[in-house]
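The values are calculated or read from the model by the stated rules, or taken from the named source; none is laboratory data. Note that the structure is predicted; figures quoted are calculated from it, not measured. Cβ coordinates were reconstructed from backbone atoms using ideal geometry, including for glycine residues, and neighbour counts include every protein chain displayed.
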């Protein structure tokens, strides 16, 4: 099951690029604008994104640890409930990406509390003048309240172990890398395509399909064991 979850997280990150254009476009533009010219842009943008992904991995490890504690408590129904919740959130996420609802924005509003604490530290790192500074700025960027990130974190919680949760968020982060790295280097070419309605529809419904597939697999397993 973890292999399927990793693939789902990877593809959710990749297809979620339709959301990243709107959510992170301003930050990527700020990074591009503030680069002092002494360091190649590709190195800086790669460092930003590696820092961001490292924050995701940390979040996944913490969520996985919490899920593991529930399993160690031998409260077995919790694991099944978390899995069902993760699939339902994935469906809602897909519908959000497709433009059919905005329910996952509840996660963003909740995460705004943390971002308000991190934002001053983030701003102190600007303007970025070196790769290490870009890495730290990227780590702060990872705390930006994002419904896409928080939705996948529910799956990390359901993963049931520290390493599985971290691996799942790593897969998700790597899925987001092509979009956000490309946005930093080729924003003018990428953004018009990603903002087309049919692209949003296809990407969102595909992500929602992952959640439906997960629920069908669970139902099939339960039926087979009876």
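Name the helices (runs of 4 or more DSSP H) wholly within the range 1-102 that hold at least 2 residues that are modelled with pLDDT of 85 or more, surrounded by fewer than 23 Cβ atoms within 10 Å (Cβ to Cβ) and within 13 Å of the chain's Cα centre (by Cα)?
Ranges flagged: 2-15, 41-72.
Would you check which residues across the range 85-112 are more than 13 Å from residue 148 (Cα to Cα) and in contact with a helix residue (DSSP H, G or I) (Cβ under 7 Å, 6 or more places away or on another chain) and list them?
Across the range 85-112, the qualifying residues are 85, 87, 88, 99, 101.
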